[in-house]
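Computed from the coordinates by the stated procedures, all read-outs in this text should not be read as laboratory data. Since this is a predicted model, take the numbers as computed values, not measurements. Cβ placement follows ideal geometry from the backbone for every residue including glycine, while neighbour counts extend to all protein chains displayed.
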Amino acid sequence: MNVVKMTGIAVTVALSLPSQAQTYPTKPIRTLVTVAGGVEVAVRALSNKLSDALGQPVIVETQSGAGGAVGATNVAHAAPDGYTLAYATTSAMTLRPFLTKNTPYDTVKDFTPISKVGEAVACVVVNNSFPAKSIKELVDYARANPGKVSFGSSGIGTTHHLSGELIMQMTGVKMVHIPYKSGGQSFQDLIAGQVQLVFGVMASSIGQIEAGKVRLLAINGDKRYPRTPDAPTVAESLPGYDRPAGWMAYFGPAGLPQPITKRLHAELVKGMATADVMSVFDKLGLLVETSASPESFGAEVKRQYEQAGRLVKAAGIEPE
């Protein structure tokens, strides 16, 4: 009798999911943003498109505390009904679990990946007097001068730091990492010649590059940047280089019904394709990059999560 009763409950739940997806949403949706700063402008622009498409307000709430862990944790613990979503970056989702002890969520198990929406345009810039004119020449110079080339980043365990570590691991060269509290501080030392190169983001680099204060060596991403079309990617000089992830994306709690996940994915892709949203992302130095499907994005997250773990371990970074 208990078996019959439980079976009936399971059938009821299964039947309710398509119905729930058909009527979804029936109330406002909260989007918890795990990173503060200018990116909020982009989230709000996209949220307006979602609100128009879904017929309900999409409320944006920044919860960037503890490196994004606060917002991510609240989404992981929310009901999987599509009314609490995360706009998260790789900082909270692929890096933080390996940089801090007792992270209160498991990126792979506690979330439903929905879609990537953008990529931060990253770059490698050098002091004007630095002799290397390409990544290959950088590697050759570092190999001939072990331990004498220093590179700056915005902090230990960031995507930028791990990019330098990956190049060292792939080539066997030795460079010295200099962590800074901000990208701006690293550029001050780069211009002064205190460090030879910096791994950073184009949004804070382009002004210095265009002013001739530093020299762009390469784009640290999968594709060239339209504003600097002549600058090659790191991988063009270093085949097999797979840059540590630097995306922005939407997630729901684990167990988000597939019909709701697919609906959200479809509307996010449509919203990102609109001219005004693309313009906002471009002004912030972000590339529009959406996922083909929630499933493909989930596979990407898992791969990049595992890659981050290997890089952090190989770099000898101990979680705090």
### Query
Relative to the longest principal axis of the chain, what angle (0 to 90°, nearest 10) does the C-alpha long axis of helix 159-171 take?
60 degrees
### Query
Ranked by Cβ crowding within 10 angstrom, fewest neighbours first, how are ILE29, ILE191 ordered?
ILE191, ILE29
### Message
Normalised radius of gyration for region 122-220, please: alpha carbon Rg relative to 2.2 N^0.38 Å, two decimal places.
### Response
0.95
### Task
Using Cα positions and a limit of under 17 Å, work out the lysines in reach of LYS262, with same-chain residues fewer than 8 apart set aside.
LYS49, LYS116, LYS270
### Query
Once the Cβ-Cβ distance between ALA275 and GLN56 is put in as r, and R0 is 25 Å, what FRET efficiency do you end up with, to the nearest 0.05?
0.60
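Sort LYS49, LYS181, LYS116 so that the residue with the fewest other Cβ atoms within 10 Å of its own Cβ comes first and the one with the most comes last.
Fewest-to-most ranking of LYS49, LYS181, LYS116: LYS181, LYS49, LYS116.
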### Message
Going Cα to Cα from LYS213, which lysines come in below 16 Å? Please leave out same-chain ones fewer than 8 positions away.
### Response
LYS133
### Summary
Note to self: C-alpha centroids of region 227-250 and region 152-226 sit apart, in Å, by 13 Å
## Note on the structure
ASP106 neighbourhood, Cβ < 13 Å, K/R = +1, D/E = -1, net charge +1
### Task
Tell me the label-point distance for the pair ASP230, GLU320, using the 7 Å Cα-to-Cβ offset, in nm and rounded to one decimal.
4.1 nm
### Query
Once both labels are modelled 7 Å past Cα along the beta-carbon direction, what's the SER237-ASN128 spacing in nm?
2.0 nm
### Query
Between the helical axis of 294-314 and the dominant principal axis of the chain, each derived from Cα atoms, what acute angle in degrees is found, rounded to the nearest 10?
40 degrees
### Task
Would you look at the GNM of the chain, springs on alpha carbons closer than 10 Å, and say which of PRO253, PRO97, PRO239 moves the most?
PRO239
### Query
Mind checking which of GLN196, GLN208, GLN63 has the largest fluctuation in a GNM of the chain, springs on alpha carbons under 10 Å?
GLN208
